[in-house]
Amino acid sequence: MSDQFYLGIDVGSVTVKVVALDRHGELLRDYYCRSHGTPLSTVITILDDLFTCLPAELVVGLGTSGSGGELFAQLLGGIHMNELIAQVRAINRFHPEARTVIEIGGQDSKLLILERRGEETVLVDFSLNTQCAAGTGSFLDQQAARLGMSIEEFSKLALESKNPPYIAGRCAVFAKSDIIHLQQVGVETKEIVAGLCLALARNFRSDIGRGREFNRPIVFQGGVSRNPGMVRAFEQVLELEPGELIIPKHQVLMAAIGTALIAKDNHKIAFPWEEKREELARLARAREGREGAHRQLFLRPARRALVLPERSLDGETAVEAYLGIDVGSISTNLVAIDREGRMLGRVYLRTGGDPLLAVRRGLKILDSETGGKLVVIGAGTTGSGRELIGRLVGADLVKNEITAQATAAVVIDPEVDTVFEIGGQDSKFIRLKNGAIIDFAMNKACAAGTGSFLEEQSGRLSIPIERFSEIALRCPAPAPLGERCTVFMESDLIHHQQRGSSKEELVAGLAYSIAYNYLNRVVGNRKIGERILFQGGVAHNKAVLAAFQELTGKEVLVPPHHDVTGAYGMALLVREQMENGNGEGKRTAFRGFDLDRNYEVSHFTCRACANVCEIKQVKFRDGPPLFYGSRCGKFDELQRRRAHPEIPDLFEERERLLWGKNEDYDGLLSYEPRGRKQGRIGVPRALLFWEKLPFWREFFLALGYEVLVSPQTDRELLKASVQGAMALACLPSKVVHGHVKALLEQKLDYLFLPAMIDADFPGLTTQVNHNCPLIQGMPYVANGQFDFASRSIPVIEEPFHFYQPRKLRLELAELGRRLGGRGARVEEAIARAWAAQRAFERGCRKRGQEMLDELGPQRRGVVLLARSYNGCDRGLNLDVPAKLREMGALPIPLDFLPLEEVDWRPFSAVHWNCGKRILCAAEIVKRTPYLHAVYLSHFMCGPDSFIIHHVRHILGDEPLLFLELDEHSGDAGLLTRLEAYLDSLSHVALARAVAPAGVEVE
Amino acid sequence: MALKRIEVAPTAKRGFDRKKTVFLPYMCDHAHVIVGALAWCGIEGKVLPPHDEKTLAYGRRYASGGECLPFILTTGEFLKLLESPGFDPQKAALFMPTSCGPCRFGQYYNVQKLILSSLGYDIDIISVESYDSYTIQDLGREFRKCTWYGLLAVDLLQKLLWKTRPYELEPGATDRIYQESLRSLQEALGTGGRKRLLLSLGESVARFGEIPVREEERPKIGVVGEIYIRANDYGNSEIIRLVEGLGGEVRVAPVCEWLYYTNRKKIQDTRERKEFLKLINTWIEDLWQHHGEKEVGQRFAGFLAPPELREPPVSQLIRNSDPYVKEVYRGEPVLDIGKAVDYIAKGAAGIINTLPFSCMPGTMVSAVSTLVRKDHGNIPWLNLTFDGQKQTNLKTRLEAFIFQARRFAASAARGRSP
């Protein structure tokens, strides 16, 4: 009897854990295995192995946990426990002193808050990862694979880091793109790895913790706790002493042990392994989740053949060539063409995390494959690493990849009207008309990584990417996976996997998902044309092609050399540049094919401002060094970034008008009243104060109060906000938290957090004119975070109805009384407030009118369709206005336009004030030549998701750039989109590049 | 080339063509009684099928990506209908209520109209503003009354369902009787108006009484949140069944609560705007609706007698919510918070707040929930967001939540009897 034992099985999303405990609860044997998509069969294999040393007859208790474990408990008579409860049981056994447990596994992150009650440690609160942050553990796996190392190497490498870069961590995909940009600007891998660990730890604290206290002692467990880099990151983020974080001895087995212990606490059972094994194995193999399957993928043969002209180098000795280099996140491509645009040679290779090295290797390969016959007379770079590589190789032209892809498409098929392009990390949609770009879209940050996602998921399913299509095309019932963001897709895939879908079904389902994802998230409700080219690395995947055909019901063609069309288009563009107009007779700056390591990468931290950027210096043997990584652009001396002092900075002018100061308005602002001081009122520099500050400032000053305005949104403040505010809201509403926090450091008599219900709008007669519900509820949300009453903070949280003047008067009078003002004085304060507000608005309009009068082909205006608080706050707008100016356009704040001159009646049903203003501005853009629009929105903005439909409708064919921002710190993608947008405005660059002589089509 | 401009302004369709079939999205079972009420008024109505994967796919195809789930679902359902073979838009009308803000719900109608017209569909959408308290003038007073009685009846039938099902001895018995009751309710309303509805209701209630049940102590879980997701099984991943399966009994905020709230708002607005005729009408309507509640409620008298099953008046909810969100904030948060506080006072052991991903009012409720918990003994509270994706961890979260709720109920019981 002494050999009797208890079994614990914990089925996770990526791994399964099995333990055997003796009757004292001591560990006899344990297994921790990756399940590779077949969790149930994996458990059976483990059990078969276990029972060769410990006989199955001696099992007297079985506990299971995890979403696949239930089956075993049901058939074998065990107990299925929720894994949180199992964890708590194990914590009671091994670390009853713990007050906080951080558990990060393959797909799930958990935070357990514990309390000691009598003899027991009990669960008082918990939090699991939200939909956005899903997949933390496997995210590390993915990144390790991406960087070409095992997860063990990855963990160790993190410890060698000295200056980890800041990587945004709200969502796995955001972090992913950050990493890719860091790689492209040459940050060392060990630093990236450590930055990644820190991002995850911060992400865990803000997204999972959501303001909960991490009381000590803190236990860190689950698969990810085996990563010493993550341990260090948590110590740093939670401000612990080294070694203070408790890593349980059985860190990955806690749930399995816990559930076995619970089984031990219960009755003994008979364990019918012999009779049930076959049934279990059958069930494990059985199919589930067939309902809702997609139609079988079927590849329709192409009706037209596309040709990309080539020229053989046989018998030649030296050929003049233009070189295009496309440096992407996943692949680096080089294409050489002759003066007639015919392809002379091409190279496709993996970027492998080091774009500098990849390009050097690619150049050598190209040179040797063409037998050293190429005489380069022009070189151009494109792709997300274009600036750095442009400097490395000596490029004559640096262009964004949208223009490059479109150029290639038009040359391959002059009648093309639609391009789908899916690469490793970026995807694009381009619409053309007569060879000119009329619309385009790039993946929004949360849908990034579609190409690499396919590879990662095939890796998860142990299917080589080369066999993907073959397997997918023969599956009769592709699994319906999600189609929104890759993190969601991944959780859906896991869900189906756990329910037993076959690999074939999942692979075919993935092909559909990628196509759906692309059509929904990238194309959106843009029109798809009739002549569609599918380009980019993913186009070789026949299953995805078949899915596109099925979903669009249209012919979709893959051009020859689809994987290097970006580089080909770039070569064509540089040819244009060198042969036409101002490029005539220009000598190329190309440095040659043999570029040995003529550069050094080092980095340092810039502490000039609170941004604390990691600056990477790439030093070439000759010429000035290149700097990358500063948020403010302090070190950037790129050809691209030309200062345009002749273009007025209207956003700066607007701030001067708004703050009533000509300089130094970034810090804490203080306005002193003229007479005797009654007290001090704090106003957060957030939300509607970005347009109504003049009103409130004068109102309070007239009543004798000093007004304090919190400082400009900077990195520190953003950080504090993201940590402290509720996770599921837009960034602009989150920063209220940081501003309130900043104000609470001051001595205040009142904190001003009004509920701004509605807004004034000249001439409007609709029944309502609301502000966004989150603006209306600003004081309540803030109170939920700060609990003002219990901290005795006096808050003015009264409602104000600016759209209802009579009500507003009463509300202001009441507020005036509360602040000690008497009748006439309050009346005067109100009058002064309105006068100041109107003066500000008039100032904006007047300057705007001057600017509109100056527009012309040489001075294009770009209106930022946005709210004042996200469009004009430099902490939130990622410096889009400054970037536009550097590119030679004139950015215009929305309220510089004569909005009141537009007939609002067509928009009267849009009940938000911000919506009406944006639509009126769109109307002005539509009818004003040389005036264009960039829609600047923030992730999770509710109103914008509806307003954008109307804006698209109003603008019709007029190109519109829709930017959805977040705390994403890398801005390379943003620059691309702005550049391509401005390119498409002139339509000229492309038209010139169309159809070079000697190209055969069809 | 400029597109034909589509006005975003509401063009109230007065003079509805009664020969058209009205299609209603299936938000919840209440849709069936609206069809019954339409039938009684001589109009054919049809409830669209429950949402599925295809609905989502259709809905997302024309969405900008950031819209809330109820919009995606209703739009998808309409498109699914319009693209179904042989469907004639000229003989049909779609039913889509609206409101005048501040949340996105008030924009569904406009954007749906925009999407449908840009796809070339010409179809009527019947819309009513909540400022009008969902009075469809054209369909008449009798329609309104019948609908109101039907809605009340379904609210109460659902209460019976949720109160009985967790304890049934024969699995499926309660669902069966509930479905049959719902069918006879629709039929009764369609053929005999309110009178027959009340009769049918009496029979149903009696049948519920015959379902054999067991004695069992279950933690009571209050469910509040955005109304569509709270009520729609597909949208909320069948949260009610999940909670019951894990050992809880649910109390879900009724649909009629929102209509009382819109009355209250209308009374306030018309008074402020000095529209006295409208004010009086609304007053009468409100009184009359409360009378209906009594009349329908009488049929349930024996079953819903316990005070914890009675719905407090909206004014009480607003008072409950006052320390967290003031009444001046228009929309669901005051009801959700007020109701949660009410549930807690009546012995609930946990609160679930359901909301669509990126829902602004729902986000408000989540944001203040920490404070509500703090003031109420740290009662277990789950904020669940839904965006149409299957959620691998939903069950895990619920399991642990129910586990906590049991503990909370146990310690509350200990607290009562030392």
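Here is a yes/no grid of residues against (1) in a helix (DSSP H, G or I); (2) at pLDDT 90 or above; (3) surrounded by fewer than 24 Cβ atoms within 10 Å (Cβ to Cβ):
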position	(1), (2), (3)
A:Leu196	yes, no, no
A:Leu200	yes, no, no
A:Asn203	yes, no, no
A:Ala255	yes, yes, no
A:Ala270	no, no, yes
A:Glu278	yes, no, yes
A:Glu288	no, no, yes
A:Glu291	no, no, yes
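Each residue in region A:511-540 was checked for being open to solvent by 10 Å² or more (accessible area, probe 1.4 Å), within 14 Å of chain B (Cβ to nearest Cβ) and closer than 21 Å to A:Cys475 by Cβ, and 1 of them qualify.
When the test is whether a residue is at pLDDT 85 or above and hydrophobic (A, V, I, L, M, F, W, C), A:Ile179 does not pass it.
Would you mind stating whether A:Gly169 is surrounded by 24 or more Cβ atoms within 10 Å (Cβ to Cβ), of a type outside the set (Ser, Thr, Tyr) and either part of a helix (DSSP H, G or I) or at pLDDT 85 or above (or both)? Here the answer is no, as A:Gly169 does not meet what is asked. If only one of A:Ile918, A:Ile924, A:Ile892 is closer than 29 Å to B:Thr363 by Cβ, open to solvent by less than 10 Å² (accessible area, probe 1.4 Å) and β-branched (Val, Ile, Thr), which one is it? Just one listed residue meets the conditions, A:Ile918.
Taken across region A:688-696, residues that are outside any helix (DSSP H, G or I), among the aromatic types (Phe, Trp, Tyr), outside the structural domain of A:Met940 (by TED's automatic domain parsing) and open to solvent by less than 20 Å² (accessible area, probe 1.4 Å) do not occur at all.
Within region B:392-409, being at pLDDT below 90 and either touching a Gly at 6+ places or on another chain (Cβ under 8 Å) or not assigned by TED's automatic domain parsing to the domain that holds B:Gly377 (or both) holds for one residue alone: B:Gln404. Checked against (1) free of Cβ contacts under 8 Å to residues at least 40 places away in the same chain; (2) under 23 Å from A:Gly25 (Cβ atoms), A:Lys268 passes all but a single condition, namely (1).
Where residues in region A:89-99 are buried (at least 22 other Cβ atoms within 10 Å of the Cβ) and more than 23 Å from A:Pro39 (Cβ to Cβ), which of them is farthest from the other protein chains (Cβ to nearest Cβ)? It comes out as A:Ala98. In region B:80-110, the qualifying residues are those that are among the hydrophobic types (A, V, I, L, M, F, W, C) and away from every other protein chain (no Cβ under 12 Å), and the one that is farthest from A:Lys916 (Cα to Cα) is B:Phe87. Hey, any hits in region A:33-40 for a residue that's open to solvent by less than 30 Å² (accessible area, probe 1.4 Å) and within 14 Å of chain B (Cβ to nearest Cβ)? For region A:33-40, residues open to solvent by less than 30 Å² (accessible area, probe 1.4 Å) and within 14 Å of chain B (Cβ to nearest Cβ): present.
Scoring A:Leu717 on the criteria (1) open to solvent by 10 Å² or more (accessible area, probe 1.4 Å); (2) more than 25 Å from A:Arg210 (Cβ to Cβ); (3) touching a Gly at 6+ places or on another chain (Cβ under 7 Å); (4) among the aliphatic types (A, V, I, L, M) leaves a single failure, condition (2). Comparison of A:Val722, A:Val707, A:Val683 shows that the only residue that is under 34 Å from the mean Cα position of the chain (by Cα) and modelled with pLDDT of 95 or more is A:Val683. Quick check, is B:Lys326 over 18 Å from the mean Cα position of the chain (by Cα) and in a loop (DSSP other than H, G, I, E, B)? Here the answer is yes, as B:Lys326 does meet what is asked.
Conditions (1) open to solvent by less than 10 Å² (accessible area, probe 1.4 Å); (2) of a type in the set (D, E, K, R); (3) in a helix (DSSP H, G or I), marked per residue:
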residue: B:Glu217; (1), (2), (3): no, yes, no
residue: B:Ile229; (1), (2), (3): yes, no, yes
residue: B:Ser237; (1), (2), (3): no, no, no
residue: B:Val243; (1), (2), (3): yes, no, yes
residue: B:Arg251; (1), (2), (3): no, yes, no
residue: B:Lys265; (1), (2), (3): no, yes, yes
residue: B:Thr270; (1), (2), (3): yes, no, yes
residue: B:Leu277; (1), (2), (3): no, no, yes
residue: B:Glu285; (1), (2), (3): no, yes, yes
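On inspection, B:Leu317 fails the criterion of being part of a helix (DSSP H, G or I), more than 14 Å from chain A (Cβ to nearest Cβ), at pLDDT below 95 and over 20 Å from B:Ile239 (Cβ atoms). Taken over region B:66-108, residues that are hydroxyl-bearing (Ser, Thr, Tyr) and at pLDDT below 90 amount to 2.
Looking at A:Arg304, A:Arg361, A:Arg300, A:Arg391, just one residue is in a helix (DSSP H, G or I) and surrounded by fewer than 19 Cβ atoms within 10 Å (Cβ to Cβ), and that residue is A:Arg361. Based on this model, can you work out whether A:Glu850 counts as at pLDDT 95 or above, open to solvent by 30 Å² or more (accessible area, probe 1.4 Å) and within 36 Å of the chain's Cα centre (by Cα)? No. Considering region B:40-57, and only residues there that are out of contact with any Pro (no Cβ under 7 Å at 6 or more places or on another chain) and open to solvent by less than 50 Å² (accessible area, probe 1.4 Å), the residue that is nearest to the other protein chains (Cβ to nearest Cβ) turns out to be B:Ala57. Kindly evaluate A:Arg685 against the criterion of being among the basic types (Lys, Arg), assigned to a loop (DSSP other than H, G, I, E, B) and either touching a Lys or Arg at 6+ places or on another chain (Cβ under 6 Å) or closer than 30 Å to B:Thr370 by Cα (or both). In short, yes.
Yes or no, residue by residue, for (1) in contact with a Leu (Cβ under 9 Å, 6 or more places away or on another chain); (2) modelled with pLDDT under 85; (3) basic (Lys, Arg):
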{"position": "A:Asn520", "(1), (2), (3)": "no, yes, no"}
{"position": "A:Asn541", "(1), (2), (3)": "yes, no, no"}
{"position": "A:Val544", "(1), (2), (3)": "yes, no, no"}
{"position": "A:Leu551", "(1), (2), (3)": "yes, no, no"}
{"position": "A:Lys554", "(1), (2), (3)": "no, no, yes"}
{"position": "A:Gly592", "(1), (2), (3)": "yes, no, no"}
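Among the candidates B:Gly338, B:Gly331, B:Gly302, B:Gly297, the residue that is within 14 Å of chain A (Cβ to nearest Cβ) and at pLDDT below 95 is uniquely B:Gly331.
Within region B:363-384, track down each residue that is in a helix (DSSP H, G or I), facing chain A (nearest Cβ under 9 Å) and open to solvent by less than 20 Å² (accessible area, probe 1.4 Å). Correct list: B:Thr363, B:Met364, B:Ala367, B:Val368, B:Ser369, B:Leu371, B:Val372. Comparison of A:Thr52, A:Thr45, A:Thr64 shows that the only residue that is more than 21 Å from A:Val252 (Cα to Cα), β-branched (Val, Ile, Thr) and not assigned by TED's automatic domain parsing to the domain that holds A:Ser502 is A:Thr52.
Taking strands (runs of 3 or more DSSP E) as the structural unit, no element lying wholly within region A:748-805 holds at least 2 residues that are under 21 Å from A:Asn870 (Cα atoms), hydrophobic (A, V, I, L, M, F, W, C) and more than 10 Å from chain B (Cβ to nearest Cβ).
Checked against (1) under 23 Å from the mean Cα position of the chain (by Cα); (2) buried (at least 24 other Cβ atoms within 10 Å of the Cβ); (3) facing another protein chain (nearest Cβ under 9 Å); (4) more than 30 Å from A:Gln497 (Cβ to Cβ), B:Leu355 meets all criteria but (4).
The values are calculated or read from the model by the stated rules, or taken from the named source; none is laboratory data. Keep in mind it's a predicted model, so treat the numbers as computed, not measured. Virtual Cβ from ideal backbone geometry, glycine too; neighbours counted across all protein chains shown. Side chains are part of the model used for accessible areas, which takes the heavy atoms of the whole protein and leaves out ligands, DNA and RNA. Shrake-Rupley method; radii C 1.70, N 1.55, O 1.52, S 1.80 Å.
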